[in-house]
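Trainee: Have a look at this one before I ask anything.
The values are calculated or read from the model by the stated rules, or taken from the named source; none is laboratory data. This is a predicted model, so every value here is computed, not measured. Please note: Cβ atoms are built from the backbone with ideal geometry, for glycine as well, and neighbour counts cover all protein chains shown. Protein only, heavy atoms only, side chains kept; ligands, DNA and RNA dropped before computing areas. Shrake-Rupley method; radii C 1.70, N 1.55, O 1.52, S 1.80 Å.
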Amino acid sequence: MDFRKQAELWLEKATDDKDIIDELKSIMDDEELLKEHFYCNLSFGTAGLRGVIGAGTNRMNIYTVRKATQGLADYINKNFDKKSVAIAHDSRIKARLFSEEAARVLAANGIKVYITNELQPTPVLSYLVREFGCSAGIMITASHNPAKYNGYKCYGSDGCQLTDEGAQKVYNEIEKLDIFSDIKICDYDKAIADGTIEIVSDELYDRYTSRVLERQVNPGVCEGSDLKVVYTPLNGAGNKLVRRVLKTIGINNITVVKEQEMPDGNFPTCSYPNPEFKEALSLGLELCKAEQAELLLATDPDSDRVGVAVKYGDDYQILTGNEIGVLLLEYILSSRKRNGTLPKNPVAVKTIVSTSLTDKVAKEYGCELRNVLTGFKYIGEQIGLLEKDGEEDRFVFGYEESYGYLAGTYVRDKDAVVASMLVCELAAYYKSQGKSLADVIDGIYKKYGYCINTNISKEFEGISGLQTMQNLMSGLREEAPSQIAGYDVIKISDYLKSEEINVATGEKAVINLPKSNVLVFDLAEGNKVIIRPSGTEPKVKFYITADASSKDEAQNITDRLLNDIENVILKKYI
């Protein structure tokens, strides 16, 4: 491919965004940079688009957004009678511009658009899709990626992110298009005037928050608790709705991290606005110490995930996503059983990479636990299956270890607004018993056993990085390890091949889940290693489960497994 020729075509055609022209002019003499910008089209998958903002086919810009939206429009026009799409965005650089460009394309294709007037959390987008009965939804966000990224999450009519099948159909339409000549587009202001594009009214946000508030487990428990909370929206979309909900339930002592309060897509205080990482929580933790707060909440830029830290002696303990999930499930099940509000045959859902402690908690309360692939759309899909049977009220909770949680069926994606409310509620509840959340999680470990879940990621950027990740996964399939850190591999589950192999007997079983590039190595003594490439970032993720009778022993096993991944697996298979 002649990358310079591609760049010259863009210099001629991509004149609606001066930033693109300026960037192209600055890299015209750098063949490697041109290659990075043009060697492929930004891929459209179940997470939609995600990439670095910039010029070219392998970057997020108004032209790649327009092309993706034209493909979505063609898909909708072929498959729906009543055609409409909801659009929202977070604080990302050019997020508002991209949302308006998508609206212009949809309106030009005769599709009604409901667009938010300001940044909103991702779960609000899911809610709007369902509330308006839309054919699809678009959320402009790159979630927790660094500031140079933006993205385009695409939702189906059920309010879930598109399934593999739906994404493939949209992708097929996108691939038919020329990025410049095949795109229909109209004037934004004219489409507003004629009603094809409609600004979402504030009443819809009130209705959304009402649905969140319905998910209180012990209404009134926060009132009078004087729970001291520090909150940071990490310069994202959660600020207004999270604070509104917390104030409504009686959390009046909230201090916000000022440097991270207002929307800012540059994320000046943390290079990686991910509540999984301590760096992103550092300002919040400092403020907690100054205020002697009992709880820190941190929502990511699109406010679908929440990180939590709790007071622990004179310091603060950052809870893992698994610990928050187990705490919430235990609280919801125990409280609703005691209150008489637990449905008959309750259902909880978690992803396969989330902690096995969940199984033990669910069993304690007679709750059916369903395990699904990584990706919250699979949790939403399970709610949809219950809904079809008229049993959606059986769903009590769903979560994934990467800090995503949902109680209720009003949306079909993880929701940091409802999760923030429930974390405050359970903290206030246990505070009334003289316990901190650190005490409660310690009690859970003592009751159910010590299960430490750790994950690490290895980045592999660019063209060579993609090949490296492919080599790693294919090498593990062709020559699977017989041991990891001295623990025998007793079962291998390959979700791409949909098969599970008993290593000792060679017996195979079918995995009845959608195909996914995931390998699970079950080890002796209840330990486990899961390996999968990220679907949205250039990295491979390793999930480690260490099961033991004591915390120290579980940590020792974790350290051994981590060491083996670093010094054996990565060196052998890459």
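Trainee: Where in the stretch 62-132 are the helices (runs of 4 or more DSSP H), entirely inside, with at least 1 residues that are within 19 Å of K184 (Cα to Cα)? Break it down into steps so the answer makes sense when it comes.
Mentor: Numbers: elements: 62-79, 95-108, 122-132.
Hits in the stretch 62-132: 62-79, 95-108.
Trainee: May I ask you to say which residue of A107, A142 is closer than 21 Å to C270 by Cβ, touching a residue at least 12 places away in the same chain (Cβ under 8 Å), of a type outside the set (S, T, Y) and buried (at least 24 other Cβ atoms within 10 Å of the Cβ)? Working first, answer last.
Mentor: On the way: A107 fails: closer than 21 Å to C270 by Cβ.
Result: A142 is the single residue among A107, A142 that is closer than 21 Å to C270 by Cβ, touching a residue at least 12 places away in the same chain (Cβ under 8 Å), of a type outside the set (S, T, Y) and buried (at least 24 other Cβ atoms within 10 Å of the Cβ).
Trainee: Test S210 against the stated conditions and say whether it is in a helix (DSSP H, G or I) and open to solvent by 10 Å² or more (accessible area, probe 1.4 Å). Show your work before the answer.
Mentor: Working: in a helix (DSSP H, G or I): yes; open to solvent by 10 Å² or more (accessible area, probe 1.4 Å): yes.
Yes, satisfied.
Trainee: Any residue in the stretch 305-324 that's at negative phi: show its pairings with residues that are aromatic (F, W, Y) and open to solvent by 20 Å² or more (accessible area, probe 1.4 Å) at Cβ separation under 7 Å, as long as the two are six or more apart or on different chains.
Mentor: A309/Y316; V310/Y316
Trainee: Within the stretch 529-548, can you find the residues that are over 16 Å from K497 (Cβ atoms), part of a strand (DSSP E or B) and either out of contact with any Asp or Glu (no Cβ under 7 Å at 6 or more places or on another chain) or modelled with pLDDT of 95 or more (or both)?
Mentor: Of the residues in the stretch 529-548, the ones over 16 Å from K497 (Cβ atoms) are 529, 534-548.
From what is left, the residues that are part of a strand (DSSP E or B) are 529, 539-548.
Within the stretch 529-548, V529, V540, K541, F542, Y543, I544, T545, A546, A548 meet the criteria.
Trainee: For the stretch 393-465, which fully contained strands (runs of 3 or more DSSP E) count at least 1 residues that are in contact (Cβ under 8 Å) with a residue 60 or more places away in the chain and acidic (D, E)? Talk me through it step by step, then tell me what you get.
Mentor: Numbers: elements: 395-400, 404-406, 450-459.
Those strands (runs of 3 or more DSSP E) span 395-400, 450-459.
Trainee: Can you tell me which residues in the stretch 77-94 are within 25 Å of the chain's Cα centre (by Cα), surrounded by fewer than 24 Cβ atoms within 10 Å (Cβ to Cβ) and on the phi < 0 side of the Ramachandran plot? It would help to see each step written out before you state the result.
Mentor: So in the stretch 77-94, the residues within 25 Å of the chain's Cα centre (by Cα) come out as 84-94.
So of that shortlist, the ones also surrounded by fewer than 24 Cβ atoms within 10 Å (Cβ to Cβ) come out as 84, 93-94.
S84, I93 - these are the residues of the stretch 77-94 that are within 25 Å of the chain's Cα centre (by Cα), surrounded by fewer than 24 Cβ atoms within 10 Å (Cβ to Cβ) and on the phi < 0 side of the Ramachandran plot.
Trainee: Something else: Could you tell me how many of the residues in the stretch 380-399 are in contact with an Asp or Glu (Cβ under 7 Å, 6 or more places away or on another chain) and under 24 Å from N339 (Cβ atoms)? Write out each step before concluding.
Mentor: Taking the stretch 380-399 as the starting set, the residues that turn out to be in contact with an Asp or Glu (Cβ under 7 Å, 6 or more places away or on another chain) are 380, 383-384, 386.
Narrowing the set further to residues that are under 24 Å from N339 (Cβ atoms) leaves 383, 386.
Residues in the stretch 380-399 being in contact with an Asp or Glu (Cβ under 7 Å, 6 or more places away or on another chain) and under 24 Å from N339 (Cβ atoms): 2 in total.
Trainee: State whether one or more residues within the stretch 288-302 are charged (D, E, K, R), touching an Asp or Glu at 6+ places or on another chain (Cβ under 6 Å), over 18 Å from K431 (Cα atoms) and modelled with pLDDT of 95 or more. Let's see the steps before the verdict.
Mentor: Initial filter on the stretch 288-302 (charged (D, E, K, R)): 289, 291, 294, 300, 302.
With the extra rule that they be touching an Asp or Glu at 6+ places or on another chain (Cβ under 6 Å), the set shrinks to 302.
Retained after the next criterion (residues that are over 18 Å from K431 (Cα atoms)): 302.
Then drop every residue that is not modelled with pLDDT of 95 or more, which leaves 302.
Checked against the condition, which is being charged (D, E, K, R), touching an Asp or Glu at 6+ places or on another chain (Cβ under 6 Å), over 18 Å from K431 (Cα atoms) and modelled with pLDDT of 95 or more, the stretch 288-302 yields at least one hit.
Trainee: Can you name the condition, by its number, that A407 falls short on among (1) within 26 Å of Y127 (Cβ to Cβ); (2) among the aliphatic types (A, V, I, L, M); (3) open to solvent by 10 Å² or more (accessible area, probe 1.4 Å)?
Mentor: Checking A407 against (1) within 26 Å of Y127 (Cβ to Cβ); (2) among the aliphatic types (A, V, I, L, M); (3) open to solvent by 10 Å² or more (accessible area, probe 1.4 Å), the one that fails is (3).
Trainee: Could you please let me know if D264 is at pLDDT 95 or above, over 21 Å from L246 (Cα atoms) and not small (G, A, S)? Walk me through how you get there before you give the answer.
Mentor: Numbers: at pLDDT 95 or above: yes; over 21 Å from L246 (Cα atoms): yes; not small (G, A, S): yes.
So D264 passes the test.
Trainee: Does any residue in the stretch 167-187 that is part of a loop (DSSP other than H, G, I, E, B) come within less than 7 Å, Cβ to Cβ, of a residue that is open to solvent by 80 Å² or more (accessible area, probe 1.4 Å) six or more places away or on a different chain, and which pairs are these?
Mentor: F180/K13
Trainee: Something else about it: Of the residues C154, C134, C160, which is under 14 Å from the mean Cα position of the chain (by Cα) and either among the acidic types (D, E) or farther than 19 Å from A416 by Cβ (or both)?
Mentor: Numbers: C134 fails: under 14 Å from the mean Cα position of the chain (by Cα); C160 fails: either among the acidic types (D, E) or farther than 19 Å from A416 by Cβ (or both).
Of the residues listed, the single one that is under 14 Å from the mean Cα position of the chain (by Cα) and either among the acidic types (D, E) or farther than 19 Å from A416 by Cβ (or both) is C154.
Trainee: Right, next: Take the stretch 517-568 and flag every residue that is open to solvent by 60 Å² or more (accessible area, probe 1.4 Å) and among the polar types (S, T, N, Q).
Mentor: Taking the stretch 517-568 and keeping what is open to solvent by 60 Å² or more (accessible area, probe 1.4 Å), we get 525, 535, 549, 551-553, 555-556, 559-560, 563, 566-568.
Matches in the stretch 517-568: S549, Q555, N556, N563, N567.
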